[in-house]
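Worksheet for the structure shown next.
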Amino acid sequence: MELFYFSIITLFSAVVFPIVFRSSWARQLALLLTGLASLVLAAFALQAILADITINVALYSITPMLQLSFLIDRLAAFFLLTIAIVALCVAIYSLSYAGHYGNAGNTLAGLMELMRQIRDGKRTARPGEAQR
């Protein structure tokens with residue numbers, strides 16, 4: 001269960017670093033933290049799959065009846081593993097890809113961590129830029 005908490009905290013810090021510190025080292029650190037969180041999340045998912053257990057992770061509880069929690073069974077763990085592998089691949093690829101955007105890549109890296117997807121297949125033009 002500690003692995004899950006560690007991956008959530010690491011992903012949150014990977015979102016915050018490039019937004020707060022607008023430099024290339026913050027972007028690189030965010031992508032490295034994403035890779036680390038993906039590896040930890042994959043280890044957590046593998047542990048849940050191989051042990052055939054159901055894990056209830058409570059993140060926040062206002063009252064006993066109102067709480068934010070995750071129930072992770074083997075199916076959820078399989079999808080967590082799949083997402084962790086894809087996120088690791090995206091983080092590795094983005095180390096060089098986000099470098100082409102300069103300091104604007106910091107916001108891009110933060111949003112990439114938050115959304116887990118940069119594009120939906122269509123490129124939208126920036127203001128003053130022609131559509132390709």
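Couple of notes before you dig in:
- Which listed residue, of Ala87, Ala58, Ala77, is at pLDDT below 85 and within 22 Å of Glu2 (Cβ to Cβ): Ala58
- Residue count, region 29-49 (criterion: of a type in the set (S, T, N, Q) and under 17 Å from Cys89 (Cβ atoms)): 2
The values are calculated or read from the model by the stated rules, or taken from the named source; none is laboratory data. From a predicted model like this one, the values you see are computed outputs, not experimental measurements. Because the Cβ atoms are built from the backbone with ideal geometry, glycine has one as well, and the counts that use them run over all protein chains shown.
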